[in-house]
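Trainee: The structure under discussion is supplied below as structure tokens; questions concerning it will follow.
Rule-based calculations on the coordinates, nothing more; no lab input. Predicted model, so just to flag it, every value in this text is computed and none were measured. Cβ atoms come from the backbone with ideal geometry, glycine included; neighbour counts cover every protein chain shown.
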Amino acid sequence: MKSYYRVMLGSRSIYAQQCLAEGFIGADFDIKQDLTDKLPEGWRIFNQEFVSIYLASHPDKTKIGAGLACGALWTVAKGIQIGDIVLCPDGSGQYLVGEVNGDYFYAPGDVLPHRRPVQWLNVSISRAALSEPLKNSAGSIGTVSSISRYSEEIEKLIGNVSAPKLISTDATVEDASAFALEAHLEEFLVENWAQTELGKEYDIYEENGEKAQQYPTDTGPLDILAISKDKKQLMVVELKKGRASDAVVGQTLRYMSFVQEMLAEKDQSVSGIIIALEDDQKIRRALSMVPSIQFYRYQISFKLVKS
């Protein structure tokens, strides 16, 4: 199945026109070696080798920041598949649209040396034409982000209308409509974090322009990784997204274990939060024995204002 990504072409899109003229997308991250034979199918093996390499040349960065950087590099170099669609800001309020049509290649000495060939389409999309959820997702900070949940809207914008059914291939998802709604909620939560109750004590972890949203772990990507303002606690934030209660509790615990073992510094503790649309007795019952995870409900309000 075709996937969709927003890819930044250098800070403030400074290389967008060169990428357009030469037919590629790329990334840098100061990894100065050919990765042709260093790109496993899974990001975890890649990170095991390259996080230490990244930290050696960036001693001021943390393990979390290194993981974000290496994960983004792997996604551009390997994770994006041939046939996937990329939207790339051009710096003037427009998005270039292209189809990735080849495997990774290395361009030493050039800008964005870790590259993928792209067939740019004869169309651009104005940021003003995007729905608010897609605008938020496509405008997120970081080198690369998945925007596949907006595939139908993107195809309409580029002239290839499709209408996929509202389904989820995740066997743990019980309610596909809740899955879709809470996928949008994640973007809203990230964009409005500072105005939430959580934003009073925690910040979404961010380093070198990369936000810890959909942070990769060895059991899947966690929704949001936050850090307390005093830097003493890391917090895993998971949205229920229509999943069975037992599944989301177990997954949150697995993510917390990964963060504690792989990312936390010696003086940092790890906690978790599960967020759902409705009260959930099963989650509350399970969490009564797990004090390190809290449960939050969210509320949606809708208002018409006469103008």
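Trainee: Top mean-square fluctuation among TRP120, TRP43, TRP193, Gaussian network model of the chain, C-alpha springs under 10 Å?
Mentor: TRP193
Trainee: Still on this structure, I have one more. Taking the Cα centre of the chain as origin, sum charge times position over the Cβ atoms of Lys and Arg (+1) and Asp and Glu (-1), and report the length of that vector in debye to the nearest 20.
Mentor: In total the dipole reaches around 480 debye.
Trainee: Just give me a number: lysine pairs in region 4-157, eight or more positions apart or cross-chain, with C-alpha atoms less than 24 Å apart.
Mentor: The result is 9.
Trainee: To the nearest 500 deg cm²/dmol, what mean residue ellipticity at 222 nm is calculated for the chain from DSSP H runs of n ≥ 4 alone, each contributing -39,500 (n - 2.57), summed and divided by the residues?
Mentor: -8500 deg cm²/dmol
Trainee: Treat the count of other C-beta atoms within 10 Å as a stand-in for reagent exposure and order ILE14, ILE293 from fewest to most.
Mentor: ILE14, ILE293
Trainee: Net charge within 11 Å of LYS38 by Cβ-Cβ distance, Lys/Arg positive one each and Asp/Glu negative one each, not counting LYS38 itself?
Mentor: Spelling it out: positives minus negatives among the neighbours equals -2.
Trainee: Extension gain ASN122-ASP30, at 0.36 nm per residue separation less the Cα-Cα distance, in nm?
Mentor: Result: 29.9 nm gained on full extension.
Trainee: Now for a different question. Write down Rg/Rh for region 4-157, rounded to two decimals, with Rg from the C-alpha atoms and Rh from the Kirkwood relation over Cα pairs.
Mentor: Radius of gyration relative to Kirkwood radius: 0.96.
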